[in-house]
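Report on the following structure.
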Amino acid sequence: MTKTVNHWIGGRTAEGASGTYGPVTNPATGEVTTKVAFASVEEVDAAVAAAKEAYLSWGRSSLATRTSILFRFRALLDAHRDEIAELITAEHGKVHSDALGEVARGLEIVDLACGIPVQLKGELSTQVASRVDVSSLRQPLGVVAGITPFNFPAMVPMWMFPLAIACGNTFVLKPSEKDPSASIRLAELLSEAGLPDGVFNVVHGDKVAVDRLLAHPDVKAVSFVGSTPIARYIHTTASANGKRVQALGGAKNHMLVLPDADLDAAADAAVSAAYGSAGERCMAISAVVAVGAIGDTLVEKIRERAEKIRIGPGDDPASEMGPLITKAHRDKVASYVAGAADEGAEVVLDGTGYTVDGHENGHWIGISLLDKVPTTAKAYQDEIFGPVLCVLRTDTYEEALDIVNASPFGNGTAIFTRDGGAARRFQLEVEAGMVGVNVPIPVPVGYHSFGGWKDSLFGDHHIYGNDGTHFYTRGKVVTTRWPDPADAPTGVDLGFPRNH
């Protein structure tokens, strides 16, 4: 029997009233298992109204109150991590261990939010003038919204809402309609932890719901993670409506391999970073740039490892890689491989014909490896978001760096080398927001911020870490003079205040 995923508004389930629903499939079977309610404008308004009402008290609540609830939420999240991972696997398709890793990375940001009193400490300067003190403090914005992608249905929302509510804001989440169940389970756990009704709300839907959040006058800030075209739209539209925006876009992450690198370690890293989570992550390595004469050896080592990856249903413990999220996405990924040879690439591995016995209707695709890919090829230029790795060849470090810096994306990048000087030079010269040195996926830990450059980020703030705290608060400076009881009235003085 098909289940229904409804909204979460004002601390309880809110059945969809629009009459519009979207299908949610099990990617391993292709079977529609769930229908998700799509919110109307009125339902989005109801969620924002609940958040606005809750902000009246939550925005004035003590730090001790907020953090005690977050500590209880963290304990519940830890206790239910397997259950949440199972929801992710059932709707996204990623293997259980990968889904567990997603929950663990989300927990990092909950940990950070539990320590929010340290992040929200103000500053004080005394005696800046005679008996004048100046203090600065940070206060919440009000109602804030998050719009999140399908590839990390638990982790990316947890990049946003723990910090937002810890700072005193209330939150409306619009998760991906492709895998919505994890967000509702998180809402239930927050409620169980004691979060007041209306502080956290979830509305499902499509462009109708998104556009209403971008236009709603009571939404003060919008966080987004997704593709570059949508990130640009979110940033432009929300900014035009006077909102603060952080919109993280797409990526084409490069990994440079210098001639002195440990090629076995580099090959291990390339395979893990390119094909983990079926390549459906914005920090996947999708382009390896082999420098010098190592190209043939490196490609062979990558091929040997890639061919051994076990592909199957995410709930099978033997599986190392699952299916793609939808059939349409699977077909789009396959099209890049099918057209690669005509654009000058050498197809080393072609995974487009892969199927799994007993699950023939699943959204399957195997491992693809393309070598000697020209920079003019679509497989290189576009964000594929699937298990396709391009290898480019250059003669020098300088040529390799030019390739990376010419890309319109600047999310993450990596270099593999034993040369400290080369690594130091690369981290200073490369135009990307996150850099790994012998680390293929340089996702920062929770107390450092995540975000790219160029077309990978729209807005001034990266996500989580110190940038996250600053995004979800605004500064205020207070200048104070208290008269000394011994002072006599001095009368009106229209001159500049005396500072000495």
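The values are calculated or read from the model by the stated rules, or taken from the named source; none is laboratory data. All figures in this text were calculated on a predicted structure; none of them were measured in a lab. Reconstructed Cβ throughout: ideal geometry from the backbone, glycine too, with neighbour counts over all protein chains shown. Ligands, DNA and RNA are excluded from the accessible area calculation, which covers all protein heavy atoms including side chains. Shrake-Rupley method; radii C 1.70, N 1.55, O 1.52, S 1.80 Å.
Condition test on S286, is it buried (at least 24 other Cβ atoms within 10 Å of the Cβ), in contact with a Lys or Arg (Cβ under 8 Å, 6 or more places away or on another chain) and polar (S, T, N, Q)? Lay out the reasoning, then the answer.
Details: buried (at least 24 other Cβ atoms within 10 Å of the Cβ): yes; in contact with a Lys or Arg (Cβ under 8 Å, 6 or more places away or on another chain): yes; polar (S, T, N, Q): yes.
Yes.
Failed condition for F71, given (1) buried (at least 22 other Cβ atoms within 10 Å of the Cβ); (2) out of contact with any Lys or Arg (no Cβ under 7 Å at 6 or more places or on another chain), with all others met?
For F71, the exception is condition (1).
Out of curiosity, is A231 touching a residue at least 40 places away in the same chain (Cβ under 8 Å), open to solvent by less than 10 Å² (accessible area, probe 1.4 Å), out of contact with any helix residue (DSSP H, G or I) (no Cβ under 9 Å at 6 or more places or on another chain) and under 15 Å from S456 (Cβ atoms)? Spell out the reasoning first.
On the way: touching a residue at least 40 places away in the same chain (Cβ under 8 Å): yes; open to solvent by less than 10 Å² (accessible area, probe 1.4 Å): yes; out of contact with any helix residue (DSSP H, G or I) (no Cβ under 9 Å at 6 or more places or on another chain): yes; under 15 Å from S456 (Cβ atoms): yes.
Yes.
Can you tell me which residue in the range 289-315 is surrounded by the fewest Cβ atoms within 10 Å (Cβ to Cβ), limited to those that are small (G, A, S) and assigned to a helix (DSSP H, G or I)? Steps first, please.
Of all residues in the range 289-315, those small (G, A, S) come to 290, 292-293, 295, 306, 312, 314.
Within this subset, residues satisfying the condition of being assigned to a helix (DSSP H, G or I) are 292-293, 295, 306.
On the way: G292: 15, A293: 10, G295: 20, A306: 22.
Only one residue fits best here, namely A293.
Residues to consider are T148, T89; find the one that is farther than 30 Å from S62 by Cβ, in contact (Cβ under 8 Å) with a residue 40 or more places away in the chain, of a type in the set (S, T, N, Q) and open to solvent by less than 60 Å² (accessible area, probe 1.4 Å). Reasoning before the result, please.
On the way: T148 fails: farther than 30 Å from S62 by Cβ.
Answer to the check: T89.
Quick one: what pairs do we get from the range 262-290, first residue touching a residue at least 24 places away in the same chain (Cβ under 8 Å), second part of a helix (DSSP H, G or I) and among the aromatic types (F, W, Y), C-beta under 7 Å, 6+ apart or different chains?
Hits for this filter: A287/Y380.
When you scan the range 18-42, how many residues do you find that are within 14 Å of V208 (Cα to Cα) and open to solvent by 20 Å² or more (accessible area, probe 1.4 Å)? Outline the logic, then answer.
Residues of the range 18-42 that are within 14 Å of V208 (Cα to Cα), as a first pass: 18-22, 37-42.
Retained after the next criterion (residues that are open to solvent by 20 Å² or more (accessible area, probe 1.4 Å)): 18-21, 38, 40-42.
So the count comes out to 8.
So, restricting to strands (runs of 3 or more DSSP E) that lie completely within the range 124-211, which ones have at least 1 residues that are among the hydroxyl-bearing types (S, T, Y)? Quick ask: steps written out before the conclusion?
On the way: elements: 132-140, 143-147, 170-174, 200-202.
The qualifying strands (runs of 3 or more DSSP E) are 132-140, 170-174.
What pairs come up if the first residue lies in the range 239-251 and is over 16 Å from G146 (Cβ atoms), the second is of a type in the set (D, E) and in a loop (DSSP other than H, G, I, E, B), and their beta carbons are under 8 Å apart, counting only those six or more places apart or on different chains?
G250/E383; G250/D455; A251/E383
What number of residues within the range 108-123 satisfy the criterion of being open to solvent by less than 30 Å² (accessible area, probe 1.4 Å) and assigned to a strand (DSSP E or B)?
0
Only one of these is in contact (Cβ under 8 Å) with a residue 12 or more places away in the chain, surrounded by fewer than 21 Cβ atoms within 10 Å (Cβ to Cβ) and among the aromatic types (F, W, Y): Y354, Y397. Name it.
Values: Y397 fails: surrounded by fewer than 21 Cβ atoms within 10 Å (Cβ to Cβ).
When all the criteria are applied, what remains is Y354.
Every residue, every condition in (1) within 30 Å of G312 (Cβ to Cβ); (2) in contact with a strand residue (DSSP E or B) (Cβ under 9 Å, 6 or more places away or on another chain), yes or no:
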{"position": "D357", "(1), (2)": "yes, no"}
{"position": "I367", "(1), (2)": "yes, yes"}
{"position": "K372", "(1), (2)": "no, yes"}
{"position": "T396", "(1), (2)": "no, yes"}
{"position": "V435", "(1), (2)": "no, yes"}
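Restrict the check to the range 71-82 and report whether at least one residue is at pLDDT 95 or above and more than 27 Å from T469 (Cα to Cα). Walk me through how you get there before you give the answer.
Step one: filter the range 71-82 for residues at pLDDT 95 or above, giving 71-82.
If we keep only those that are more than 27 Å from T469 (Cα to Cα) as well, we get 82.
Yes, the range 71-82 contains at least one residue that is at pLDDT 95 or above and more than 27 Å from T469 (Cα to Cα).
If the Cβ limit is 7 Å and pairs must be 6+ apart or interchain, which residue in the range 321-344 that is in a helix (DSSP H, G or I) pairs with which residue that is aliphatic (A, V, I, L, M) and open to solvent by 50 Å² or more (accessible area, probe 1.4 Å)?
V337/V347; A341/V347
For the range 168-209, what are the residues that are of a type outside the set (S, T, Y), more than 19 Å from the chain's Cα centre (by Cα) and within 22 Å of L63 (Cβ to Cβ)?
Listed by number, the residues that qualify are G168, N169, L189, L190, E192, A193, G194, L195, P196, D197, G198, V199.
Looking for whichever is closer than 19 Å to G16 by Cα, open to solvent by less than 30 Å² (accessible area, probe 1.4 Å), touching a residue at least 40 places away in the same chain (Cβ under 8 Å) and of a type in the set (A, V, I, L, M) here; the options are V208, V203, V199, V225. Which one fits? Walk me through it before giving the result.
Numbers: V208 fails: open to solvent by less than 30 Å² (accessible area, probe 1.4 Å); V199 fails: closer than 19 Å to G16 by Cα; V225 fails: closer than 19 Å to G16 by Cα.
Unique residue meeting the criteria: V203.
Condition (residue is more than 30 Å from K243 (Cβ to Cβ), in contact with a Phe, Trp or Tyr (Cβ under 8 Å, 6 or more places away or on another chain) and open to solvent by 10 Å² or more (accessible area, probe 1.4 Å)) applied to the range 125-142: is it met by at least one residue?
Looking only at the range 125-142, we keep the residues that are more than 30 Å from K243 (Cβ to Cβ), and these are 125-133.
Cutting the leftovers down to in contact with a Phe, Trp or Tyr (Cβ under 8 Å, 6 or more places away or on another chain) gives us 131.
When the remaining residues are screened for being open to solvent by 10 Å² or more (accessible area, probe 1.4 Å), the result is 131.
Yes, the range 125-142 has at least one match.
Only one of (1) in contact with a Pro (Cβ under 8 Å, 6 or more places away or on another chain); (2) open to solvent by less than 60 Å² (accessible area, probe 1.4 Å); (3) of a type in the set (D, E, K, R) fails for K94. Which number is that?
So the condition that K94 fails would be (1).
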